1. What is the dipole size for the chain, taken about its Cα centre, with +1 at each Lys and Arg Cβ and -1 at each Asp and Glu Cβ, in debye to the nearest 20?
2. Please state the relative contact order of the chain as a whole percent: Cα pairs under 8 Å, 6+ residues apart?
3. Could you compute how fast the chain diffuses translationally, taking Rh as the Kirkwood radius over C-alpha pairs and applying Stokes-Einstein at 25 °C with viscosity 0.890 mPa s? Give it in µm² per second.
4. What lysines sit close enough to Lys293 to cross-link, taking a C-alpha to C-alpha distance under 27 Å and skipping anything fewer than 8 places away on the same chain?
5. What residues qualify as long-range amide H neighbours of Asp158, i.e. H under 5 Å apart, gap of 5 or more or another chain, H built at 1.01 Å from N?
6. What distance in nm lies between label points placed 7 Å from Cα along the C-beta direction at Thr72 and Arg30?
7. Can you spot the aspartates and glutamates whose alpha carbon is less than 19 Å from Lys262's alpha carbon? Ignore those fewer than 8 places along the same chain.
8. How long, wide and thick is segment 141-204, going by the Cα atoms along their three principal axes, in whole angstroms, largest first?
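What follows draws every value from the coordinates through simple rules; no lab data is involved. Quantities reported herein were computed from a predicted structural model and do not represent experimental measurements. All Cβ positions, even for glycine, are placed from backbone atoms using ideal geometry, and neighbour counts span all protein chains on display.
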Amino acid sequence: MMWGVGGFWMRVDDKAKTGFLWELPGAMERLEVVRGDLMEDGSFDMAVEGVHTVFHAACPVFINPEGDPQVTMLDPALKGSMNVLKACAKAASVKRVVMTSSSSAIRYDYNRQATDPPLNESVWSNPEYCREYKLWYPLAKTLAEREAFAFAASVGLDLVAVHPSFVVGPFITPVPQSSIKILLSLLKGSEYPNSRLGFVHIDDVVTAHLLAMEVPEANGRYICSSDVLHFSDIVDILRLKCPKLTVASRCSDRKGDNFHHKMDSTKLKNLGLAQLKSVDQMFDDVLKCFHEKGLIGDYQ
């Protein structure tokens, strides 16, 4: 997504996936939809002309990727980021790139302990740990972000990265995507992940990206995360909020993703996001959205 003088540009070419965007307020006047392919060299060169801020949020998300993860996740993440950044470096109009990274690029390493201080923006996930436990999404985000900052520094490109944790809240797409699909599966009795991680409201993620764009002093990396919980805590919350639904009761046996840790969002709060929304509110909001879209029945 790009921000220019006239409004938003969305660089996509699948009308079936983007038709709902035209229903948003002001879309007919200020939204332009243009084709862009992350894996195609030079695909964004013309797209970023006249744009002063680029939001690079695209990354393949597969919970259990089929085939070679190098092909399905790592190559698209790395090559896609570089294609966008190279286009931005060529465009005289682009003043800043805001990259959506992830807390997954920060929290994975050996010997994490509950007594450790909260993880901050100076911490990076250990690629070897990710490979050992087949954590391909965290590996992709970590490698892509490191390469992005190295490239940006080499060409003098102003790059700011936002690191959301697990995003929860209402969504505008016709069907849920990525993390929201996992939550919906929990309400249908699916196995829940053996994972402990931060959770964050979508509204706070949006605000974080806008602050990264608008505040001249914004720089480097920004963690955007509320409470850190295990998914067993999440299913307990869902059982209380959804007594009429069959909530997941069986935990997966996957290893490497259930260690205790804390996330420090102080840098983002100092940038202007003083108060992150509660876990209770984010789940109230996503459940209401599920119900309004007909994805779940009466749940209370």
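1. Numbers: 32 positive and 37 negative charges, 73 e Å.
Dipole size: approximately 340 debye.
2. Values: 551 pairs, mean separation 51.7, N = 300.
17 percent.
3. 122 µm²/s
4. Lys15, Lys17, Lys181, Lys188, Lys241, Lys244, Lys277
5. Under 5 Å from the amide H of Asp158 lie the amide H atoms of Val97, each far enough along the sequence or on another chain.
6. With each label placed 7 Å out from Cα toward Cβ, I get 3.9 nm.
7. Straight-line reach from Lys262, under 19 Å: Asp109, Asp116, Glu121, Asp204, Asp227, Asp233, Asp280.
8. Answer, in whole Å and largest first: 49, 27, 18 Å.
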